[in-house]
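Only one structure is covered here, and it is reproduced in the block below.
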Amino acid sequence: MKLPESFYNPISIAGALMAIVTLLLMGALLAAMSLFGSASSYVGLFIFIILPIFLVIGLLLIPVGVIRRKRQIKKGADESDFTRRMVIDLNNHKHRNAILLFAAGSVVFLFLTGIGSYEAFHYTESTEFCGLLCHRVMEPEYVTYQNSSHARVACVECHVGEGADWFVKSKLSGLYQVYAVVTDIYPRPIPTPVHNLRPARETCERCHWPNKFYSYRIHTEKHFLTDEANSEWNIHLKMKTGPEYSSMGLTEGIHWHINPDIRIEYISDDEKRESIPWVRAINLAEGDTVIYKDINSFVEDSVIAEAEIRVMDCIDCHNRPSHQYLSPRAFTDLMIASGSVPASLPEIKRVAMEILNQQYSTSDSADHAIEAGIAGFYAENYPELTDDQKNEVKAAIKALQKGYSENIFPEMKASWDAYPNHIGHFEFQGCFRCHNGTHADNADNRISRDCNICHTIILQGGPETESVALANESLEFIHPNDIGEAWKEFSCAECHRYMY
Ligand code: HEC
Ligand code: HEC
Ligand code: HEC
Ligand code: HEC
Ligand code: HEC
Ligand code: HEC
């Protein structure tokens, strides 16, 4: 077989060799992959992304060389110059060695470049890259992540799935994100829910195996009121996370929603899925379907007919498994309970609420306001504080600044208010998005709002006034301060989201 003269030039030949070697490597890897069963997505990365790049470069080099050579011939270069020198004689040991050297060199070169790209790829999957490279942008997510139970689960394990399609999807959207950061057009706060999050059941169930789910668990909370003494108020709940006995599996309790035989679907009429006017519960084993509609909702049936139906999964309750932004109320209560904000400082809860719930434009201005506000308050109203207590004021300032910086990010407008947490019903509607007692089916059966279906209250009250339930009983809820029957008529979040 004879190729046109102009093909015989160093560039085209190097290109052709490169293409052949890459092709061989791809073939070998593919063969290895099918021999040893499906490998990880990383081998796929080589076969489908890195090697083809070299293949294309090699193939492109061929015409580049030809064109260059043709120009040289036009300009009168000796046509057979290179061809004559290009006689390869395998009996000649010099030629043989040169070819071996070239082939070995190419393989090593490709291999090293491959490793280089692989390492680069690995780096783009690391927590440091995701959390720190775009520091200002991802700071809220990174900081809250580090304070979460999942601080050792890599970002990509929840955000990027396995396989080539996820790889391409995430890197393409990553490219756009880099562009958005460089040109400063990214949204603040970053919008939620994340629509291309890896499917929750695929992610979460790798570690949280549903067949071995939880039964009851004791959930304890300590609150401090905004009176002078920062009065303590304790609530202990027995959470019915699973069934009464774990042998009953997912047949009852809160995780009943993720029983494989149950499929709960819903429609939301707002971006953040905070309002749910329509719910469909399907029992796949028995084939029953019940549709519940919110009797207080004004959403038209035609809107519902066209809306996107979402199937409930872990994220519809656990939407903040790794980025939980606590409200000032919540983190201050935690800090008083742990002692880092001393409970002995009169009115500290009230003053802290007043300052922490203001809007600040930067973290620095928040820091200054916390310091000035708290120091100023005690200097003015409690000039008789002892030296010890003055040190407590300093400790409180430090702790509250830390709490603020870990939960509220003014530059990114990220805070508890921007990212509602759907677990519970205290500061956000959460479970009460459906369990508000207002979702009715045709026969007026309601999705239950009974205070005892999800938990029983087993202890409540101040340190001296605490009441305790017997093991299988529940106390009736007592609101820490007298609001009459309001807690029965309104949902807790209607007051507590906007309280301070
Ligand atoms: C345990 C799983 C998990 C891990 C690990 C994780 N995330 Fe998330 N992330 C989520 C979930 C769930 C959401 C919220 C989804 C929703 O509301 O739709 C989210 C939301 C986000 C958002 C959107 C803004 C927001 O706060 O809702 C960003 C940005 C983000 N994560 C970045 C990161 C970064 C960076 C890391 C690593 C430092 C990381 N995530 C680690 C599960 C995770
Ligand atoms: C790589 C393994 C892994 C993955 C993936 C994972 N988790 Fe976890 N998760 C854990 C471990 C380990 C703990 C216990 C941590 C501890 O006790 O400090 C935990 C704790 C929890 C807890 C209880 C503690 C808390 O913060 O309330 C919840 C709820 C939870 N995970 C939900 C989820 C959800 C929802 C997802 C999917 C978005 C998920 N997890 C994905 C490993 C994982
Ligand atoms: C209907 C809402 C809902 C759904 C859906 C849901 N959970 Fe939960 N889950 C809860 C509640 C509520 C708790 C208890 C929280 C507490 O104790 O304060 C909980 C507790 C947990 C815990 C901690 C258990 C313990 O005892 O420490 C883990 C882990 C968990 N869920 C994982 C998951 C995973 C994984 C999925 C999806 C397969 C899921 N959950 C789906 C509401 C839900
Ligand atoms: C999208 C709507 C929706 C949301 C959100 C929701 N649920 Fe449900 N839940 C239902 C439906 C529908 C039923 C079945 C009707 C009933 O039992 O009232 C149900 C039933 C239950 C049951 C009784 C299960 C049994 O048979 O033992 C518990 C417990 C429960 N939910 C807890 C929760 C908790 C806790 C949350 C919040 C973390 C929550 N649900 C959020 C729709 C929802
Ligand atoms: C659909 C399930 C469900 C129903 C119905 C329900 N709760 Fe809850 N409740 C929860 C969950 C889940 C939490 C825990 C949230 C968390 O993990 O932070 C909770 C937490 C609480 C807390 C502790 C709040 C805190 O942070 O200290 C109190 C008090 C409480 N519920 C009272 C009530 C009362 C009173 C009713 C009846 C009006 C009621 N609940 C009905 C699911 C429910
Ligand atoms: C009508 C408004 C209103 C409703 C509804 C309401 N609360 Fe409250 N709640 C208050 C007020 C006011 C306080 C007093 C705050 C203080 O002194 O710190 C308070 C304080 C509390 C505290 C102590 C708060 C802290 O700062 O740590 C808890 C716990 C609490 N409420 C639980 C609930 C629960 C659970 C529900 C729903 C079942 C509920 N509340 C419904 C108004 C309300």
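Here are the numbers for this structure:
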{"item": "Cross-chain or 6+ apart pairs with Cβ under 9 Å, segment 445-474 first and open to solvent by less than 30 Å² (accessible area, probe 1.4 Å) and part of a loop (DSSP other than H, G, I, E, B), then charged (D, E, K, R) and within 14 Å of ligand 5 (Cβ to nearest atom)", "result": "Gly462/Glu232; Ala469/Lys238"}
{"item": "Residue under evaluation Gly424, criteria (1) within 15 Å of ligand 4 (Cβ to nearest atom); (2) outside any loop (DSSP other than H, G, I, E, B); (3) open to solvent by 20 Å² or more (accessible area, probe 1.4 Å), criterion not met", "result": "(2)"}
{"item": "Residue among Glu228, Glu202 that alone is surrounded by fewer than 16 Cβ atoms within 10 Å (Cβ to Cβ) and within 23 Å of the chain's Cα centre (by Cα)", "result": "Glu202"}
{"item": "Residue satisfying condition, being closer than 30 Å to Ser215 by Cβ, open to solvent by less than 40 Å² (accessible area, probe 1.4 Å), at pLDDT 95 or above and within 14 Å of ligand 4 (Cβ to nearest atom), within set Asn283, Asn259", "result": "Asn283"}
{"item": "Search result, residues across segment 262-280 that are open to solvent by 70 Å² or more (accessible area, probe 1.4 Å) and among the acidic types (Asp, Glu)", "result": "Asp269, Glu271"}
{"item": "Positions within segment 208-224 being out of contact with any Gly (no Cβ under 8 Å at 6 or more places or on another chain), without any contact (Cβ under 8 Å) to a residue 40 or more places away in the chain and assigned to a helix (DSSP H, G or I), in sequence order", "result": "Lys212"}
{"item": "Top-ranked residue in segment 302-360 [being among the hydroxyl-bearing types (Ser, Thr, Tyr) and not in a helix (DSSP H, G or I); ranked as surrounded by the fewest Cβ atoms within 10 Å (Cβ to Cβ)]", "result": "Ser344"}
{"item": "Segment 416-446, residues that are within 21 Å of Ser322 (Cβ to Cβ), of a type in the set (Asp, Glu) and away from ligand 6 (no atom under 15 Å from the Cβ)", "result": "Asp417"}
{"item": "Of all residues making up segment 286-301, the number that are at pLDDT below 90 and open to solvent by 80 Å² or more (accessible area, probe 1.4 Å)", "result": "3"}
{"item": "Test result for Asp227, in contact (Cβ under 8 Å) with a residue 24 or more places away in the chain and either in a strand (DSSP E or B) or out of contact with any helix residue (DSSP H, G or I) (no Cβ under 6 Å at 6 or more places or on another chain) (or both)", "result": "yes"}
{"item": "Residue list for segment 231-254, restricted to those being in a helix (DSSP H, G or I) and surrounded by 20 or more Cβ atoms within 10 Å (Cβ to Cβ)", "result": "Ile254"}
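The values are calculated or read from the model by the stated rules, or taken from the named source; none is laboratory data. Small disclaimer: the values here were computed from a predicted structure and weren't measured. Note that we place each Cβ from the backbone using ideal geometry, even for glycine, and neighbour counts take in every protein chain shown. When the accessible area is computed, the model is the full protein with side chains, heavy atoms only, and any ligands, DNA or RNA have been set aside. Shrake-Rupley method; radii C 1.70, N 1.55, O 1.52, S 1.80 Å.
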